[in-house]
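Here's the structure, in structure tokens; my notes come after.
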Amino acid sequence: MEIIKEVRVLEEKLKEIRSAGKTIGFTPTMGALHDGHLSLVSRSVEENDVSVCSIFVNPTQFNEKSDLDKYPKTLDADSAMLEKASVDFLFFPSPKEIYPNGESYEVDLPLDGMDEVLEGEFRPGHFKGVIQVVKRLLEITNPNHLYMGQKDFQQFSLIHAMITHFQMPTTLVVCPIKREPNGVAMSSRNVRLSKKGKLLASIIHWTLAESKKRLKNNTVKEVETWALENLTTEWCKVEYFKIVDGYTLKDIIDKKDHDYLVASLAVWIEDVRLIDNMTLKQ
Ligand code: AMP
């Protein structure tokens, strides 16, 4: 595996690979890698001639500087994992490489409010940063396949909208959520939870699974109310729990009018913000 820090160098290497008729798979990450990330990377290695994984903690998607500062950095362990997974290129750029003209570069993309609900309501500007960095990374890597996780449901929905809008020659591949044995979705933030916090966090997946069962005989509103109550305890603060249309991310009035429903949530346990989701109907 080659570690590349400069945009120009990666662009040249990939240009050669493309002109030799080889396919490229790309997995963007912010590092502190775990088995969830590796499931994306392994799929890329399986499905493409050449695989690129990027590690870039994108400053423009953090709305709180303290969150950015606290983001775990484990480059040596990450690069050993990627090497073992047979990744060809680890792209590890500096912010200056990604944003040579400063960080205020914005992407003009009509989203019909999709970036303002769920996560967008609580993390203003977050998705502008995500769209900005993924667009830039796709322009650099120009891959045949882009690998993203179901874990960040709203994120991949917006990136799908971006790829469609700009008619980018890349196919988005969404990979299932990797979970710990007790159901907790793997996340780089989990390292900040205590042993007890990790145990308590199993309520999240349990509530999602139970919501799926309850939706058969209850309205969306009833399930949302039950889930909010079930999650709220003195050690778990719920930011939101919503069941939305999986295509538009809009609220549901009557579940019969929708064929794709997703429950999505964010909670705080021990000062750590955790997100999760589950497809309830598709
Ligand atoms: P991040 O490093 O958190 O930006 O995540 C990079 C990619 O890995 C995103 O597409 C995430 O959705 C995906 N990812 C993160 N955690 C998981 C997980 N537990 N299972 C599957 N994919 C994941």
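Annotations for the structure displayed:
- Taking every residue in the stretch 266-282 that is under 18 Å from SER66 (Cα atoms) and modelled with pLDDT under 95 and pairing it with any residue that is of a type in the set (Phe, Trp, Tyr) and surrounded by 17 or more Cβ atoms within 10 Å (Cβ to Cβ), at least 6 positions away or on another chain, yields no pair with a Cβ-Cβ distance below 6 Å.
- Here is the figure for the stretch 210-222: residues that are open to solvent by less than 40 Å² (accessible area, probe 1.4 Å) and either within 16 Å of the ligand (Cβ to nearest atom) or of a type outside the set (Ser, Thr, Tyr) (or both) total 3.
- Sole residue being without any contact (Cβ under 8 Å) to a residue 24 or more places away in the chain, under 30 Å from GLU6 (Cβ atoms) and open to solvent by 50 Å² or more (accessible area, probe 1.4 Å), chosen from GLU180, GLU139, GLU229: GLU139
- Residues that are among the polar types (S, T, N, Q) and in a strand (DSSP E or B) within the stretch 235-282 comprise SER264, ASN277, THR279, listed in sequence order.
- Some residue of the stretch 125-134 being within 20 Å of SER264 (Cα to Cα), away from the ligand (no atom under 14 Å from the Cβ) and part of a loop (DSSP other than H, G, I, E, B): yes
- Among the residues making up the stretch 232-252, those that are more than 20 Å from SER157 (Cβ to Cβ) and either touching a His at 6+ places or on another chain (Cβ under 6 Å) or open to solvent by 40 Å² or more (accessible area, probe 1.4 Å) (or both) are THR232, THR233, GLU234, TRP235, LYS237.
- Hey, GLU116 more than 13 Å from the ligand (Cβ to nearest atom), over 25 Å from LEU208 (Cβ atoms) and in a loop (DSSP other than H, G, I, E, B) or not: no
- For the stretch 99-107, the count of residues that are open to solvent by less than 30 Å² (accessible area, probe 1.4 Å) and either touching a Gly at 6+ places or on another chain (Cβ under 9 Å) or in contact (Cβ under 8 Å) with a residue 40 or more places away in the chain (or both) is zero.
- Filter result for GLU121 (touching a residue at least 60 places away in the same chain (Cβ under 8 Å) and open to solvent by 60 Å² or more (accessible area, probe 1.4 Å)): yes
- Count of residues meeting criterion [in a loop (DSSP other than H, G, I, E, B) and more than 22 Å from PHE156 (Cβ to Cβ)] in the stretch 94-113: 7
- Any hit, the stretch 193-209, residues being under 21 Å from the mean Cα position of the chain (by Cα), open to solvent by 60 Å² or more (accessible area, probe 1.4 Å), under 23 Å from LYS128 (Cα atoms) and within 14 Å of the ligand (Cβ to nearest atom): no
- Count - residues of the stretch 45-74 that are in contact with a Phe, Trp or Tyr (Cβ under 6 Å, 6 or more places away or on another chain) and over 15 Å from PHE91 (Cα atoms): 1
- Residue list for the stretch 140-182, restricted to those being away from the ligand (no atom under 15 Å from the Cβ) and assigned to a loop (DSSP other than H, G, I, E, B): ASN142, ASN144, PHE166, GLN167, MET168, PRO169
The values are calculated or read from the model by the stated rules, or taken from the named source; none is laboratory data. Remember, it's a predicted structure, so these values are computed and weren't measured experimentally. Methodologically, a virtual Cβ is constructed for each residue, glycine included, from the backbone with ideal geometry; neighbour enumeration extends over all protein chains shown. To get the accessible areas, we keep the full protein, side chains included, count just its heavy atoms, and leave off ligands, DNA and RNA. Shrake-Rupley method; radii C 1.70, N 1.55, O 1.52, S 1.80 Å.
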